[in-house]
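Worksheet for the structure shown next.
Only the coordinates and a few stated rules stand behind these numbers; no lab work does. As the structure is a prediction and not an experimental result, all values here were calculated from the model. Because the Cβ atoms are built from the backbone with ideal geometry, glycine has one as well, and the counts that use them run over all protein chains shown.
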Amino acid sequence: MKDDPRRPEAVIPFKLPMIPEEDADSSQQLGFFGLALGVMGLLLKKKEFSWTSLLLTIMSIVNRRLVESDVKQGWSALLFSTMGLALLYIQMFTQPASSSIFDMKKPQ
């Protein structure tokens, strides 16, 4: 034990760093914008809104603090964005291919 180079008097206990209040609200803001874009993507049927909503929602869920008890907003935003994408892409596969003007046969 005498050969141990560690010094117990130099040990500093770990303390969690304090997070500024404006940084703590960023995940809630991301969740709100993700929810808003998810609803807009679902109603307006825009893929860009739904994909952006999905990314913002995932960032919000990943960056949220564990002490937050309200996770309903994040999960509902995730639901809106995934349902918007699912409905958009299912619609692509279920609609018949529309023929263009140039594919029509000329009358004889």
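A few remarks follow.
- Mean Cβ count within 10 Å, highest first, over the residues of peptides 41-51, 75-85: 75-85, 41-51
- Cut-off 14 Å between beta-carbons: net charge of the residues surrounding TYR89, Lys and Arg +1, Asp and Glu -1: +2
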